[in-house]
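Report on the following structure.
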Amino acid sequence: MSILDRILGRTPTTTPQITAQPPKAQPTNAPAPLANLPGVAKPVTAPPPVAASEPLMRVYDQFGRAVSIGRETWRKDVLLPNLAANRDKPEELYNLVANALNDGFAADVVESARILAANDPHPPRGTTALGVALLLTGDVAGARQVLEQGLARFPDDPYLLTQLARAFEHTDPARAEELVWRALALAPNEEFALNWLVGTVHAKGGDPAVQAAYARAAELPGSWRALLWLARSALDAADLAGATRLYEEALDRATPVPGDLLMQLSGDLGNRGHTQLLVQLTRPRFDLEAHGLAVGNNLLRAYVELGMLAEARSLLEQLYSKQRPDWREHLMAWEQKLDDAQKRYGEVSAPIELVVMKLEQPVWSRGVLNFENVLPVKTASAPRIQFVCASGEAAADARADGKVVSQPTNEIGRISRALPMFLAEEIYLRTSARSAFLLPWMKQGGFILSAKPWTRAFLPQDQSPPDVLMFMHIDAAHSPWLLRVTLEQPTRPEARPVLLEQAFELRSAAQDALTLLNDIITRVTILLALRKEDVAPELATPGNDLIPGYLTAIEQALAVGLAARMPAPSPLLYQERAIFDHLFDVALYGDEQLRPRMLLVNTLENESRRRPDIVREFLEKLMMLQQKHPLPAGPGANLVAKAVQIVTEKANAG
């Protein structure tokens with residue numbers, strides 16, 4: 001809660017060894033540019049350079065992405081221009097001044113606060129803001145003069161009284177205390193006034209004086225905040241019954257129940273292990289609009305500790321529905337806790353049915369949106385190359401002793417799918433060959449990561465085998481990883497396999513992936529006399545800075561597409577909203593490239609089949625992406641525009 005929130009009493013709107021791997025979201029490796037913050041005088045398209053010693057501020061861009069900006073840069077390029085632009089708009093100016101005081105920019109807003117005090121349609125508010133600004137800049141005499149003049153006009157304003165008490169704190173402590181008690185008589189639950197009073201009396205009389213002050217404040221009509229502190233003392237004295245009576249009395253006095261009340265009540269009970277009582281008192285009174293994450297966070301913790309996972313999941317979905325970017329990280333952390341609690345990872349003893357799925361086109365072109373129309377036309381006689389999902393192992397896998405284990409996706413598993421998919425996609429677009437990706441898949445739902453290399457013996461019989469099969473094994477026992485690639489020619493049994501090795505590191509994933517791609521193109525061109533094709537500019541290979549994020553994105557899109565086609569609702573996906581956050585980041589970072597945009601829209605269409613509620617959360621952001629970052633004109637952009645309309649209609653009808 002900000003300084004002025006406290007002052008004004010506002011509530012913030014705050015055979016092979018097999019591992020089955022449910023997909024999990026990963027943060028993008030692509031940097032998130034800063035773009036068009038609300039109210040910024042001039043557009044900012046990327047964070048300006050920040051000096052190594054410059055403190056940072058965390059802000060959110062219009063797409064809800066958290067970005068860091070230097071405090072001085074923020075002050076010069078955002079705060080000061082906005083103060084000047086809004087000097088004649090009291091509501092906007094008040095919010096700017098309040099946030100600046102909270103962020104430590106008091107000296108920069110004194111003059112704006114003077115303008116606000118002279119023009120605010122709510123005079124006590126503007127006067128209080130100016131008084132606070134002067135107090136924070138050390139002008140105590142000036143603050144006292146402003147606040148006394150304000151009180152002469154509005155003698156019963158508790159916030160003016162409280163701030164005037166601060167102005168007399170050192171020169172006339174007795175008057176300061178008298179002013180605070182006057183303020184509490186008018187607003188007994190004003191947090192800043194009560195806390196200031198308690199700090200003052202504690203310095204003079206210690207804990208007994210504090211308890212006496214709380215008891216006196218609790219007798220004021222409508223007082224509930226002091227009761228919370230008395231209840232905390234009862235909890236600390238192991239008097240649960242007494243604390244419960246105090247909490248119930250506080251709840252009876254407050255209608256509707258303020259967020260501060262439930263937040264402290266639930267926090268104190270939760271921190272002391274009384275989760276059952278926490279739920280009993282909090283759940284019937286929880287209101288999403290009024291209490292939000294501050295109280296929801298404590299309820300979620302209690303639900304998880306009590307094993308009430310269905311209730312926790314329902315509450316989590318309600319909180320997500322508010323689409324608050326500042327809540328996002330907290331909610332994703334809770335989603336991960338719930339996913340971990342509801343899934344049973346470990347050794348798999350039940351029989352596993354495996355199938356090998358064949359994806360004959362890039363993942364973004366599969367489906368009902370006609371994105372395959374942008375693909376190059378292949379002749380019936382075109383050579384065929386199939387890329388098998390990679391196998392992979394780390395040093396720890398040697399301890400698995402052939403067991404089948406279910407676990408969340410790890411980096412090896414993700415790359416084992418993403419890299420062959422990327423190679424198949426690039427071969428399809430860059431050469432005259434047809435390419436496909438072969439994916440081992442559990443019928444029950446789940447990716448497969450084999451610690452031993454796949455072989456042709458594992459693949460199903462193919463009456464028309466491809467011209468080239470690519471197998472890849474990831475040896476992650478050491479850093480850098482080692483990719484061992486085998487190119488086989490099933491139609492030429494006499495031909496010896498082509499073997500190659502490539503070092504691979506996550507930090508150099510783009511360069512390593514492109515090096516491997518160029519090596520494979522060269523070798524298969526020799527084997528099959530391929531013809532290289534000119535790629536349309538809009539379908540060009542993502543740049544080096546985008547490839548790491550794109551690799552993650554195509555693997556995530558594959559997971560969503562498979563989940564959408566499961567015969568029954570499945571808990572296959574892991575942190576679904578993080579998946580779409582990442583897909584949006586990739587689409588934004590490659591905002592003029594068609595492939596990332598089609599990938600995002602196609603994945604949203606797949607998700608609309610199983611979770612239209614999640615898709616609806618992203619529709620506004622999708623429209624903004626289309627409007628503020630339009631694709632270059634062309635057939636692909638037209639297809640995307642039609643697809644966005646289809647996705648919107650499906651999600652809203654779901």
So which of Leu93, Leu130, Leu116, Leu83 ends up being within 17 Å of Thr162 (Cα to Cα), modelled with pLDDT of 95 or more and either surrounded by fewer than 22 Cβ atoms within 10 Å (Cβ to Cβ) or not charged (D, E, K, R) (or both)? Leu130
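Answer yes or no as to whether Arg577 is of a type in the set (D, E, K, R) and in contact with a Phe, Trp or Tyr (Cβ under 8 Å, 6 or more places away or on another chain). Spell out how you get there, then give the answer.
Details: of a type in the set (D, E, K, R): yes; in contact with a Phe, Trp or Tyr (Cβ under 8 Å, 6 or more places away or on another chain): yes.
Taking the combined requirement at face value, the residue satisfies it.
Please enumerate the residues belonging to region 243-252 that are surrounded by fewer than 18 Cβ atoms within 10 Å (Cβ to Cβ) and under 11 Å from Leu227 (Cα atoms).
Arg245, Glu248, Glu249
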Against the condition modelled with pLDDT under 95, over 25 Å from Thr128 (Cα atoms) and not acidic (Asp, Glu), how does Gly199 come out, does it pass? no
Considering region 293-331 alone, what residues qualify as being crowded, with 19+ Cβ neighbours inside 10 Å, of a type outside the set (A, V, I, L, M, F, W, C), modelled with pLDDT of 95 or more and under 24 Å from Pro612 (Cβ atoms)? Gly296
Taking the condition assigned to a helix (DSSP H, G or I), touching an Asp or Glu at 6+ places or on another chain (Cβ under 8 Å), among the β-branched types (Val, Ile, Thr) and open to solvent by 10 Å² or more (accessible area, probe 1.4 Å), does Thr200 pass? yes
Those residues of region 96-107 which are in contact with a helix residue (DSSP H, G or I) (Cβ under 7 Å, 6 or more places away or on another chain) and surrounded by fewer than 20 Cβ atoms within 10 Å (Cβ to Cβ), in sequence order: Asn102
So, in region 503-516, how many residues would count as being surrounded by fewer than 18 Cβ atoms within 10 Å (Cβ to Cβ) and in contact with a helix residue (DSSP H, G or I) (Cβ under 8 Å, 6 or more places away or on another chain)? 4
If you take just the strands (runs of 3 or more DSSP E) that sit entirely in region 437-505, which of them hold at least 2 residues that are modelled with pLDDT of 90 or more and not basic (Lys, Arg)? 468-475, 481-488, 498-504
Condition check for Ala209: among the small types (Gly, Ala, Ser), closer than 20 Å to Leu134 by Cα and open to solvent by less than 70 Å² (accessible area, probe 1.4 Å): no
Tell me whether region 152-165 contains one or more residues that are in contact with an Asp or Glu (Cβ under 7 Å, 6 or more places away or on another chain) and outside any helix (DSSP H, G or I). no
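Table: residues versus (1) more than 22 Å from Asn373 (Cα to Cα); (2) touching a Lys or Arg at 6+ places or on another chain (Cβ under 9 Å); (3) open to solvent by 30 Å² or more (accessible area, probe 1.4 Å); (4) of a type in the set (Lys, Arg).
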{"site": "His582", "(1), (2), (3), (4)": "yes, no, no, no"}
{"site": "Tyr589", "(1), (2), (3), (4)": "yes, no, yes, no"}
{"site": "Val601", "(1), (2), (3), (4)": "no, no, no, no"}
{"site": "Asp613", "(1), (2), (3), (4)": "yes, no, yes, no"}
Do you know which residues across region 529-573 are assigned to a helix (DSSP H, G or I) and surrounded by fewer than 13 Cβ atoms within 10 Å (Cβ to Cβ)? Pro537
Yes/no for Arg232 being in contact with a Gly (Cβ under 7 Å, 6 or more places away or on another chain) and open to solvent by 10 Å² or more (accessible area, probe 1.4 Å): no
Output the residues belonging to region 170-197 that are open to solvent by 50 Å² or more (accessible area, probe 1.4 Å), assigned to a helix (DSSP H, G or I) and not small (Gly, Ala, Ser). Pro173, Arg175, Glu178, Arg182, Leu186, Asn195
Expected single match for at pLDDT 95 or above, assigned to a helix (DSSP H, G or I) and under 20 Å from Gly549 (Cα atoms) among Arg577, Arg597 is Arg597
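Residue by residue, here is whether (1) of a type in the set (A, V, I, L, M, F, W, C); (2) over 27 Å from Leu516 (Cα atoms) holds:
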residue	(1), (2)
Tyr550	no, no
Leu558	yes, no
Arg565	no, yes
Gln593	no, no
Arg610	no, yes
Gln627	no, yes
Asn638	no, yes
Ala641	yes, yes
Glu649	no, yes
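The values are calculated or read from the model by the stated rules, or taken from the named source; none is laboratory data. Since this is a predicted model, take the numbers as computed values, not measurements. Note: ideal-geometry Cβ built from the backbone for every residue, glycine included; neighbour counts use all protein chains shown. Side chains included, ligands, DNA and RNA excluded: accessible areas come from the protein's heavy atoms. Shrake-Rupley method; radii C 1.70, N 1.55, O 1.52, S 1.80 Å.
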